[in-house]
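Notes follow once the structure below has been shown.
The values are calculated or read from the model by the stated rules, or taken from the named source; none is laboratory data. Computed from a predicted structure; not experimentally measured. Reconstructed Cβ throughout: ideal geometry from the backbone, glycine too, with neighbour counts over all protein chains shown. Only protein heavy atoms, including side chains, enter the accessible area calculation; ligands, DNA and RNA are left aside. Shrake-Rupley method; radii C 1.70, N 1.55, O 1.52, S 1.80 Å.
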Amino acid sequence: MSNITSKIENGILTLLVSGRIDSSNAAETSERIDEILGSTPHTSVVLDIDYLEYLSSAGLRVLLRLRKNEPTLTVVNASSEVYEIFEMTGFIEMIPISKAYRRISVEGCEVIGQGANGKVYRIDPDTIVKVYLNPDALPDIKRERELARRAFVLGIPTAIPYDVVRVGEGYGSVFELLNAKSFSKLIADDPEKVDEYVDLFIDLLKKIHATEVKSGDMPDMREIALDWAKFVSDYLTPEQGNKLVSMIENVPVDHHMMHGDYHIKNVMMQNGEVLLIDMDTICQGHPVFELASMFNAFGGFLETDHLIAERFLGIPYETSIRIWKRSLALYLGTEDEKRIREVEQKAQLVGYTRLMRRSIRRGALDTEEGRNTIDLYRGHIVELLDRINTLEF
């Protein structure tokens, strides 16, 4: 027995087929397909057979008839067994047919990282998978793979995804990371070595920031931050909003690489080598934007609830702040407190701008707690705007 449903997007009609197509239901299946085609205006047809278990010779004839009526027909998500039938009968030479992605489960697996776009699970001692929150994440996966490849070619030690899988109704990228541990895990397991790990953490960051990329090869973080500022300016006085936008506009264009979400869960140690993961935020720009992201991860994001440090980074809040302070001093190569504080304030201004926008977009204005959080971030932004006049350093 087969079941056929459909959806249409941008003129592309997708027929989703499950169950079996054989001599007992081939005529009924063909009639159902004709009914959908006749009632749904479309420009092309995709046959999604992700849940098709069996296809007999009668089912193949249904497919041939469909192709005759729809010359641009493509077939996607064929299981290995069904694809083998297509291959043996020569259908793959007549119709574009792609295999289904391997399915895995992450139930009971350790969560080793989580970001805005997905969660990272360890599925066995050798392998991790990043599961994307967006159920239609294939373009995001392709983009991240390309960004990771570019970074790797430029000499940045990073894990390259080698497989794409289905996880529930979504998608994931699979990485081989034999015996690898995140810096978050390493620090949690051996807090006495926190300074040693921060040294390595910043060494890698400097390597990333010293890497020049071609203009246009990676997203420009300045343009992204400018969107944050323009959004937030609507919640400031005109003078404050204009100053915030102007300060970001005046940050020089910079073609050096940034990670964009650099914290201790996105850096791993594998057999003595430090590796960068979670590459979907790779971009280019001035380091103030990277430091802003780091400030948020180690301080700003945790400000309203210090226990978030344990949930997000796996370490106490005090350790998180210690990592941020040491990271900034090492990055700047100075112990001059005035200099460190000067740069920290620039990073904080960008960081709080991002946090305020994020909170508003997630509905914080609808609750008293959310409004208090927004007022907190706005207060920081106003205070910092009074203190600094440039984001350059």
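Mind checking the dipole of the chain: about its Cα centre, +1 per Lys or Arg Cβ, -1 per Asp or Glu Cβ, Debye to the nearest 20? Intermediate values should be presented prior to the final figure.
Values: 45 positive and 62 negative charges, 91 e Å.
For the chain, the charge dipole is close to 440 debye.
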- Note on the structure: Calc'd 3J(HN,Hα), the range 143-150, phi into Karplus 6.51 cos²θ - 1.76 cosθ + 1.60 (θ = phi - 60°), Hz, glycine/Pro = x, comes to 5, 5, 4, 5, 5, 5, 5, 5
- Item | Anchor residue 230: aspartates and glutamates whose Cα lies under 17 Å away (excluding residues fewer than 8 positions away in-chain) | 220, 239, 249
- Item | Euclidean distance of C-alpha centroids, the range 59-133 and the range 258-275, integer Å | 30 Å
- Message: Under the rule of at least 5 residues apart or a separate chain, name every residue whose amide H is placed under 5 Å from the amide H of residue 53.
- Response: 19, 20
- Message: Can you give me the angle between helix 337-361 and the longest principal axis of the chain, using Cα atoms only, in degrees from 0 to 90, rounded to the nearest 10?
- Response: 40 degrees
- Can you give the direction-averaged projected area of the convex hull of the alpha-carbon atoms in the range 242-385, in nm²? 10.0 nm²
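Classify the chain as rounded, prolate or oblate, taking a ≥ b ≥ c as the square roots of the eigenvalues of its Cα gyration tensor: rounded when a/c is under 1.5, otherwise prolate if a/b is larger than b/c and oblate if not. Could the numbers behind the result be given before it?
Values: a/c = 2.54, a/b = 1.93, b/c = 1.31.
Prolate, because a/c is 1.5 or more and a/b exceeds b/c.
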- Query: 222 nm [θ] for the chain, helices only, -39500 (n - 2.57) per DSSP H run of 4+, per residue, to 500?
  - Reply: -14500 deg cm²/dmol
- Query: Amide H of residue 118: which non-local residues (sequence gap of 5 or more, or other chain) have their own amide H closer than 5 Å, using H built in the peptide plane?
  - Reply: 133
- Note on the structure: The rounded separation in angstrom of the Cα centers of the range 144-206 and the range 309-384 is 24 Å
- Projected onto the charge dipole of the range 280-393 (+1 at Lys/Arg Cβ, -1 at Asp/Glu Cβ, origin at the Cα centre), which of 306, 317, 347 gives the Cα projection farthest towards the positive end? 347
- Query: Each residue of the range 363-378 in turn: what ³J(HN,Hα) in whole Hz from Karplus with 6.51, -1.76, 1.60 and θ = phi - 60°, glycine and Pro shown as x?
  - Reply: x, 5, 5, 8, 10, 5, 4, x, 5, 5, 5, 4, 4, 4, 5, 4
- Most fluctuating residue of 139, 219, 41 in a GNM of the chain with Cα springs under 10 Å: which is it? 41
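Using alpha-carbon pairs under 8 Å, 6+ residues apart, how would you state the relative contact order of the chain in percent? Before the final figure, lay out the partial values.
Values: 632 pairs, mean separation 43.9, N = 393.
Over the chain, the number comes to 11 percent.
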- Which ³J(HN,Hα) values, rounded to whole Hz and listed in residue order, are derived for the range 90-99 from phi using the Karplus coefficients 6.51, -1.76 and 1.60 in 6.51 cos²θ - 1.76 cosθ + 1.60 with θ = phi - 60°, glycine and proline given as x? x, 5, 5, 8, 9, 10, x, 10, 10, 6
- Item | GNM flexibility winner over the chain from 307, 205, 13 (Cα, springs under 10 Å) | 13
- Note on the structure: Helix 287-298 sits off the longest principal axis of the Cα atoms of the chain, rounded to the nearest 10 on a 0 to 90 degree scale, by 80 degrees
- Message: Quick check: the angle from helix 57-69's long axis to the longest principal axis of the chain, C-alpha only, nearest 10 degrees?
- Response: 70 degrees
- Message: Beyond a 32 Å Cα-Cα separation, which of these cross-linked pairs lie in this structure: 130/338; 142/185; 130/243; 243/338; 181/206?
- Response: 130/338; 130/243
- Query: Anyone know which of 128, 112, 85 comes out most mobile in the 10 Å Cα GNM of the chain?
  - Reply: 85
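On the protein heavy atoms, probe 1.4 angstrom, tell me the percent of accessible surface of the chain carried by carbon and sulfur.
About 49 percent, which is the carbon plus sulfur part of the accessible surface.
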- Query: Hey, if you drop one equal point scatterer on each alpha-carbon of the range 58-131 and run the Debye formula without solvent, what base-10 log of I(q)/I(0) do you get at q = 0.11, 0.19, 0.22 Å⁻¹?
  - Reply: -0.49, -0.76, -0.90
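Suppose we look only past 24 Å in the calculated P(r) of the range 147-260. What percent of the Cα-Cα pairs does that tail hold?
Numbers: 3406 of 6441 pairs.
Counting pairs separated by more than 24 Å, the tail of P(r) holds 53 percent.
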- Item | Base-10 log of normalised Debye intensity for the range 207-314 (one unit scatterer per alpha-carbon) at q = 0.12 Å⁻¹ | -0.51
